[in-house]
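K.L.:
The following block contains the structure, expressed as structure tokens.
The values are calculated or read from the model by the stated rules, or taken from the named source; none is laboratory data. Being a predicted model, the structure only gives us computed values, none of them experimental. So basically every Cβ, Gly included, is an ideal-geometry build from the backbone, and we count neighbours across all protein chains shown. The protein model used for the area step is the full one, side chains on, heavy atoms only, and it has no ligands, DNA or RNA in it. Shrake-Rupley method; radii C 1.70, N 1.55, O 1.52, S 1.80 Å.
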Amino acid sequence: MSRISSSGLASVYDSRGRPTVEATVVLESGSRGRAGAPSGASTGAHEVRAFPEGGVPAALTTFRETVAPALLGVEGTDQATVDALLHSLDGSPDFSRIGGNTATAVSVACAIAHAEEKGEPLWKVLARPTVDGSRFPAIAGNCLNGGRHAIGGPDIQEFIAYAESPRPEESVAAAIRVHALLGEELHRRLPKQALGRGDEGGWVAPLGNVPAIELLAEVCARVRDELKTPVHPGLDLAASEFFRAGQYRYKEQTLDTEGQVAFVARLVDRYGLKYLEDPLEQESFDAFARLTKEVGDRTLVVGDDLYVTNEERLRRGIERRSTNAVLIKVNQVGTLTDTLKTVDLAGAHGLATVTSHRSGEVPEGWLAHVALGTGARGLKCGVLGGERVAKLNELLRLGRADRT
Ligand code: PGA
Ligand code: ZN
């Protein structure tokens, strides 16, 4: 137990070069924690606001004037108290006064300071009662980018290698291999085309949606053979981004809701998808349920924009059996305490959780601890780029620490 003796908030940059915030918390014992908060591009309509009106400068001012003085002397190792204080200082339903990214950075920095105080890894401080750290998450690695993360690519936002070895080093190696082979294949098939990389480090190429899935599935099959690791194709459609006036508008086709359910179900079977995130737009709890009923026995159906890590929205999804999994992003909901409530609700109803990065990330590894400590089925953190590799490398370290 140790009280907060000082705290600070500073402006740093995310992987897109946009400003975000990082918090530092120092306890009376001298233990300290520092954490930065990421930012999304395809943000869900029901997420908390990352920054107050006025952006990062306004967040810094509000922190200095309101948050830092209130944190002084608070028990820094008592996560629930710190997070409740952040909510009461904010007073809005969506962290629009102090900013969700301020809440995330302070909340995680406190947990890091707590871990240092106890001399334990962060994941243990976060660990849920059923978690002993022996089961490692699968890796959901984004290999080809589209949608809002890649100009000129497919409409589907993310083409994912979903690698689910119990050994993290095998899953990480398989996801990286899929990314590399996909790059080679794209060079071979599009020799005159300059290949780029999107916001999450995946390739960007002028491919149609279905040919891109087909190529990903082929490459995953080759890597399964080569590395003997279970790695399968997955998608984050981020479907709200191309849903307009009641229809899903792809470059090649326009589908109504039932058409979309049928199209996606066909993709699952034809290409052996094992990971399916946001296949429908963010208000379609019932259409999600129809799709999950059809394919939920053979793939994860994951709600991201649907739930925005929010306990109340997840409750609606559980009642309607909308999905069998929920994406967990700390800064969608603000604090670690809010996040853990959603994780616990999912666990109580048998839903899998997948801990996720954002498209604009900070080059830090704490997300891997959130995944391990919450018993996540998967860690979705991309494959390439220092800010993505920071999380993969941290998971590898945790894998080594666990075995020695
Ligand atoms: P975002 O996208 O971080 O840009 O919101 C990631 C995702 O949709 O999973
Ligand atoms: Zn998503």
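K.L.:
State all residues of the stretch 154-187 that are within 16 Å of ligand 2 (Cβ to nearest atom) and not charged (D, E, K, R); if no residue qualifies, say none.
P.N.:
If the condition is that a residue be within 16 Å of ligand 2 (Cβ to nearest atom) and not charged (D, E, K, R), then Pro154, Ile156, Gln157, Phe159, Ile160, Ala161, Tyr162 are the ones that fit.
K.L.:
Counting only residues that are open to solvent by less than 30 Å² (accessible area, probe 1.4 Å) and in contact with a helix residue (DSSP H, G or I) (Cβ under 7 Å, 6 or more places away or on another chain), which one in the stretch 384-404 is farthest from ligand 1 (Cβ to nearest atom)?
P.N.:
Gly399
K.L.:
Still on this structure: Go through the stretch 100-136 and give me each residue that's at positive phi and in contact with a strand residue (DSSP E or B) (Cβ under 6 Å, 6 or more places away or on another chain). Give the steps one after another, and end with the answer.
P.N.:
Our first condition is that a residue be at positive phi; within the stretch 100-136, this holds for 119, 133.
Hits for the stretch 100-136: nothing passes.
K.L.:
Mind checking which pairs have a first residue in the stretch 175-196 that is closer than 22 Å to Pro230 by Cβ and a second that is open to solvent by 80 Å² or more (accessible area, probe 1.4 Å), Cβ under 8 Å, 6 or more apart or different chains?
P.N.:
Arg177/Glu226; Leu181/Arg222; Glu185/Glu218
K.L.:
Out of Ala180, Ala161, Ala221, Ala238, I need the residue that is open to solvent by less than 60 Å² (accessible area, probe 1.4 Å), at positive phi and of a type in the set (A, V, I, L, M). Which one?
P.N.:
Ala238
K.L.:
What pairs come up if the first residue lies in the stretch 242-265 and is farther than 24 Å from Thr43 by Cβ and open to solvent by less than 30 Å² (accessible area, probe 1.4 Å), the second is assigned to a strand (DSSP E or B) and aliphatic (A, V, I, L, M), and their beta carbons are under 7 Å apart, counting only those six or more places apart or on different chains?
P.N.:
Phe263/Leu255
K.L.:
Which members of the stretch 108-147 meet the condition of being within 19 Å of Leu327 (Cα to Cα) and in a helix (DSSP H, G or I)?
P.N.:
The answer is Val108, Trp123, Leu126, Gly147.
K.L.:
Which condition from (1) farther than 23 Å from Leu300 by Cα; (2) part of a loop (DSSP other than H, G, I, E, B) is the one that Ser165 breaks?
P.N.:
(1)
K.L.:
Here's a follow-up. Sort out which residues of the stretch 222-264 are of a type in the set (Gly, Ala, Ser), within 16 Å of ligand 1 (Cβ to nearest atom) and part of a helix (DSSP H, G or I), and write them in order of number. Don't jump to the end; show me each part of the working.
P.N.:
Going through the stretch 222-264, the residues of a type in the set (Gly, Ala, Ser) turn out to be 234, 238-240, 245-246, 259, 262.
Now drop any that are not within 16 Å of ligand 1 (Cβ to nearest atom), which leaves 234, 238-240.
Passing the criteria: Ala239, Ser240.
K.L.:
I'm trying to understand the selection: among the residues of the stretch 332-347, which are within 16 Å of ligand 2 (Cβ to nearest atom) and open to solvent by 10 Å² or more (accessible area, probe 1.4 Å)?
P.N.:
Within the stretch 332-347, just Val333 meets the criteria.
For (1) away from ligand 1 (no atom under 13 Å from the Cβ); (2) at pLDDT below 95; (3) β-branched (Val, Ile, Thr), each residue gets a yes or a no:
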position	(1), (2), (3)
Thr309	no, no, yes
Thr335	yes, no, yes
Val343	yes, no, yes
Gly350	yes, no, no
Gly382	no, no, no
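K.L.:
Out of (1) buried (at least 23 other Cβ atoms within 10 Å of the Cβ); (2) in contact with an Asp or Glu (Cβ under 9 Å, 6 or more places away or on another chain); (3) of a type outside the set (Phe, Trp, Tyr), what's the single condition that is false for Thr292?
P.N.:
(2)
K.L.:
Could you list all residues from the stretch 306-331 that are open to solvent by 10 Å² or more (accessible area, probe 1.4 Å), without any contact (Cβ under 8 Å) to a residue 60 or more places away in the chain and assigned to a helix (DSSP H, G or I)?
P.N.:
Scanning the stretch 306-331 gives Glu311, Glu312, Arg315, Arg316, Ile318, Glu319, Arg320.
K.L.:
If you don't mind, there's one more thing I want to ask. Answer yes or no: is there a residue in the stretch 279-291 that is among the hydrophobic types (A, V, I, L, M, F, W, C) and either under 13 Å from the mean Cα position of the chain (by Cα) or in a strand (DSSP E or B) (or both).
P.N.:
No, because not a single residue in the stretch 279-291 is among the hydrophobic types (A, V, I, L, M, F, W, C) and either under 13 Å from the mean Cα position of the chain (by Cα) or in a strand (DSSP E or B) (or both).
K.L.:
Cβ-Cβ below 7 Å, separation at least six or inter-chain, first residue in the stretch 62-74 and surrounded by 14 or more Cβ atoms within 10 Å (Cβ to Cβ), second of a type in the set (Lys, Arg) and at pLDDT 95 or above: which pairs?
P.N.:
These pairs meet every condition: Thr62/Arg97; Val74/Arg3.
K.L.:
Same structure again: Can you confirm whether Ala84 is assigned to a helix (DSSP H, G or I), touching a residue at least 60 places away in the same chain (Cβ under 8 Å) and surrounded by fewer than 16 Cβ atoms within 10 Å (Cβ to Cβ)?
P.N.:
Spelling it out, Ala84 is indeed assigned to a helix (DSSP H, G or I), touching a residue at least 60 places away in the same chain (Cβ under 8 Å) and surrounded by fewer than 16 Cβ atoms within 10 Å (Cβ to Cβ).
K.L.:
Considering only residues that are under 24 Å from Thr43 (Cα atoms) and open to solvent by 10 Å² or more (accessible area, probe 1.4 Å), which ones fall in the stretch 102-148?
P.N.:
Selection gives Gly147, Arg148.
K.L.:
Going through the stretch 26-54 one residue at a time, which ones are more than 10 Å from ligand 1 (Cβ to nearest atom), part of a loop (DSSP other than H, G, I, E, B) and open to solvent by 40 Å² or more (accessible area, probe 1.4 Å)?
P.N.:
Of everything in the stretch 26-54, those that are more than 10 Å from ligand 1 (Cβ to nearest atom), part of a loop (DSSP other than H, G, I, E, B) and open to solvent by 40 Å² or more (accessible area, probe 1.4 Å) turn out to be Glu28, Ser29, Gly30, Ala45, His46, Arg49, Phe51, Glu53, Gly54.
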